[in-house]
Structure formats: C-alpha cells, structure tokens
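> The structure that follows is given in the form of structure tokens.
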Ligand code: SF4
C-alpha cells in the first residue's frame, strides 16, 4: 500500500503544546520520505510502550505494536529477530525505558540489536500526572516528590555509550530539522540506534524556557571518537545550567546481533540433530 494517509483518525488526546506532536510529525515526515524513495512502509513496524508517548501507535498509520510498560525493547527485539527484513522503530518514554525497562535498553545496546529507539524524554510521568522519573532534575517537585527529588538524574547518553550502543544522539522536540536528520540516520544505521529526545511536557514539566537558551547543535565533533563522545556527554548532567549539546555523539560499525551464527539457526534444528545422533548411537 502506498500513499496512505500517515495520520489516523483516532482522537488525539495529547495536551496542547506537548512535544509529542513534533516527534510524531517528524517521524511521519521521515516515513513519507522513505515511501517517496520507494521503500514500502509495509516493512516498517512501530513499537510503543506505556505513557503519553505510547499513543503515537494509535496516531500513526503504520504497522504497530502497543506494548506494555518497560517492554518496548524486548517486543521490538523479538519482531526484528523473527523477521530481520523489517525496519523496527521503538518509541519509548523515559519512565518506560530508563526505569522499569532499563535492563532491556542496556542489553539491546550491548547486543547491538538492529533497531531504532526514540525516547520521548519529558523527564516526568505525564500520563499518571507528574511523578518524577530517572531523568527528572535534582530538586524536581511533583506528585511523589512535593519537597523536590534528592536523586541525581541518569545521563542516558553516558549510559548508552557505556552500554555499547553504536549510534547515540540527543534531539530536542523544538528542533524538528535536526530530529528529522537524526531519525533518518538512525533508521539507516546498521545496529542499535538511540536518540534521547528532550521533549516538552506542557503540563507537568514545561521546560522550554530552560532548554531553549542552553541547547546548541554540535559542530566539529568527531562522532567516531568514543572519548570525545564521553566528554561531550558529561558537559551537561541533566540538572545544571551548562550548555546542552544536541546532535550525534557517537557512531560506529559493529557486528549486529542475529547476523552471525544465529542467522543459520532454525527453531528445533539443534533438537532434531540431537535426536538423530541419539538414534544412530542406539543402533550401533
Ligand atoms: Fe504531553 Fe505532558 Fe500532556 Fe502527557 S501530560 S500529553 S507528555 S503535555
């Protein structure tokens, strides 16, 4: 099917001003470009988790799997391994993927699963009305932390670099051109591609006044240099007033999970071989 309307007729319930809109429209534009270039969108699967972001699976008219909290990545991994010909894109939330699903995120990076993960990092649990998440800034006041959180936020860029991700980027929901380029690159990248998108939550963490004066697009950064990527990742700690680098921190080519010996594996083949050997042994 080509030329389909890429936005469904489902009623959109995101709050006015939510950064999810720009992420959705950017992804939609990338999908439209892919289709215009001759790629069939029938070979694209979107997996979302649970949270405000996850409704994107209702709003984009492509194959999708609305999974459960924290499990976007294992679902996406299963889809990719079952049918390696598919382009698999995960949209996950920060609560979804840096809290309950953190182990899955790390192991997908470590294994270099060939999927794209776009994290709608609004740094708050929006759907459940404003609790702190692993990336909320120190001092964040929300429903569960009325006096301000005392925790230091995770730095997902550092985490993914340490975990072995082969494409690591940071976007911003108010920089659609950059995000478009990042999503295109991440889909084209062979291996585990990760984009942490600083996303405005208009209702519970309206941080545009904080982000907009601080963000800058990296120029002259060598994305093949791991040490330089780590240094850039540490420039901002998700709480301070330091400049916030946007762009691609790191990219490298590396063997992809499932394309080595596993590519020749057929379910049951090992068991069948063992049964044949047992039979032959009994006969001799
Ligand atoms: Fe967007 Fe926040 Fe509203 Fe959720 S609560 S739809 S993240 S603005």
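> If residue 70 passes every condition in (1) at pLDDT 95 or above; (2) surrounded by 16 or more Cβ atoms within 10 Å (Cβ to Cβ); (3) away from the ligand (no atom under 16 Å from the Cβ); (4) outside any helix (DSSP H, G or I) but one, which one does it miss?
All conditions are met except number (1).
> While we're on this one: Output the residue which, of all residues in region 189-214 that are more than 14 Å from residue 122 (Cα to Cα) and under 20 Å from the mean Cα position of the chain (by Cα), is surrounded by the fewest Cβ atoms within 10 Å (Cβ to Cβ).
Going through the qualifying residues, I end up with 190.
> If you don't mind, there's one more thing I want to ask. Go through (1) surrounded by fewer than 18 Cβ atoms within 10 Å (Cβ to Cβ); (2) within 20 Å of residue 199 (Cα to Cα); (3) modelled with pLDDT of 95 or more one by one and return the number of the condition residue 100 breaks.
Going through (1) surrounded by fewer than 18 Cβ atoms within 10 Å (Cβ to Cβ); (2) within 20 Å of residue 199 (Cα to Cα); (3) modelled with pLDDT of 95 or more one by one, residue 100 breaks only (3).
> Moving on to the next point. List the number of the failed condition for residue 121; all other conditions in (1) out of contact with any strand residue (DSSP E or B) (no Cβ under 8 Å at 6 or more places or on another chain); (2) in contact (Cβ under 8 Å) with a residue 60 or more places away in the chain; (3) within 14 Å of the ligand (Cβ to nearest atom) hold.
Condition (1) is where residue 121 drops out.
> What number of residues in region 56-65 are within 16 Å of the ligand (Cβ to nearest atom) and within 15 Å of the chain's Cα centre (by Cα)?
The number of residues fulfilling the criteria is 2.
> If I ask for residues that are in contact with a strand residue (DSSP E or B) (Cβ under 6 Å, 6 or more places away or on another chain) and under 22 Å from residue 104 (Cα atoms), which ones from region 136-156 would you list?
Listed by number, the list holds a single entry, 156.
> Can you confirm whether region 238-247 contains a residue that is in contact with a strand residue (DSSP E or B) (Cβ under 6 Å, 6 or more places away or on another chain), modelled with pLDDT of 95 or more and under 27 Å from residue 79 (Cα atoms)? Lay out the reasoning, then the answer.
Filtering region 238-247 for residues in contact with a strand residue (DSSP E or B) (Cβ under 6 Å, 6 or more places away or on another chain) gives 243-244, 246-247.
Right, trim to modelled with pLDDT of 95 or more and you get 243-244, 246-247.
Adding the requirement that they be under 27 Å from residue 79 (Cα atoms) leaves none.
No, because not a single residue in region 238-247 is in contact with a strand residue (DSSP E or B) (Cβ under 6 Å, 6 or more places away or on another chain), modelled with pLDDT of 95 or more and under 27 Å from residue 79 (Cα atoms).
> Do you know which residues across region 163-212 are in contact (Cβ under 8 Å) with a residue 40 or more places away in the chain, more than 30 Å from residue 35 (Cβ to Cβ) and within 15 Å of the ligand (Cβ to nearest atom)?
201, 202, 203, 204, 205, 206, 207, listed by residue number.
> Please identify the pairs in which a residue from region 11-36 that is in contact (Cβ under 8 Å) with a residue 40 or more places away in the chain and farther than 17 Å from residue 198 by Cα has its Cβ atom under 8 Å from the Cβ atom of a residue that is away from the ligand (no atom under 11 Å from the Cβ) and outside any helix (DSSP H, G or I), counting only partners at least 6 apart or on another chain.
Short answer, once both residue conditions are applied: 34/44.
> Any residue at all in region 78-97 that is closer than 25 Å to residue 156 by Cβ, within 13 Å of the ligand (Cβ to nearest atom), assigned to a loop (DSSP other than H, G, I, E, B) and in contact (Cβ under 8 Å) with a residue 40 or more places away in the chain?
no
> Identify all residues within region 5-32 that are in a loop (DSSP other than H, G, I, E, B), away from the ligand (no atom under 16 Å from the Cβ) and surrounded by 12 or more Cβ atoms within 10 Å (Cβ to Cβ); write none if there are none.
Once the filter is applied, which keeps residues that are in a loop (DSSP other than H, G, I, E, B), away from the ligand (no atom under 16 Å from the Cβ) and surrounded by 12 or more Cβ atoms within 10 Å (Cβ to Cβ), region 5-32 yields 6, 8.
> So, one more: Inside region 213-231, can you point out the residues that are touching a residue at least 40 places away in the same chain (Cβ under 8 Å) and within 30 Å of residue 54 (Cβ to Cβ)? Outline the logic, then answer.
Step one: of region 213-231, the residues touching a residue at least 40 places away in the same chain (Cβ under 8 Å) are 215, 217, 226, 229-230.
Within region 213-231, 215, 217, 229 meet the criteria.
> OK, next. Restricting attention to region 132-139, does a residue exist that is modelled with pLDDT of 95 or more, out of contact with any helix residue (DSSP H, G or I) (no Cβ under 8 Å at 6 or more places or on another chain), within 16 Å of the ligand (Cβ to nearest atom) and within 22 Å of residue 13 (Cα to Cα)?
Within region 132-139 (the criterion being modelled with pLDDT of 95 or more, out of contact with any helix residue (DSSP H, G or I) (no Cβ under 8 Å at 6 or more places or on another chain), within 16 Å of the ligand (Cβ to nearest atom) and within 22 Å of residue 13 (Cα to Cα)), the answer is yes, since at least one residue qualifies.
> Just checking, which of 222, 196 is closer than 18 Å to residue 92 by Cα, in contact with a helix residue (DSSP H, G or I) (Cβ under 6 Å, 6 or more places away or on another chain) and not in a helix (DSSP H, G or I)?
Working: 222 fails: closer than 18 Å to residue 92 by Cα.
On inspection, the qualifying residue turns out to be 196.
> Sticking with this structure for a sec: Would a scan of region 33-48 turn up a residue that is touching a strand residue (DSSP E or B) at 6+ places or on another chain (Cβ under 9 Å) and within 16 Å of the ligand (Cβ to nearest atom)?
yes
The values are calculated or read from the model by the stated rules, or taken from the named source; none is laboratory data. Computed from a predicted model, the values in this text were never measured in an experiment. A quick note on method: Cβ atoms are made from the backbone with ideal geometry, for glycine too, and the neighbour counts reach across all protein chains shown.
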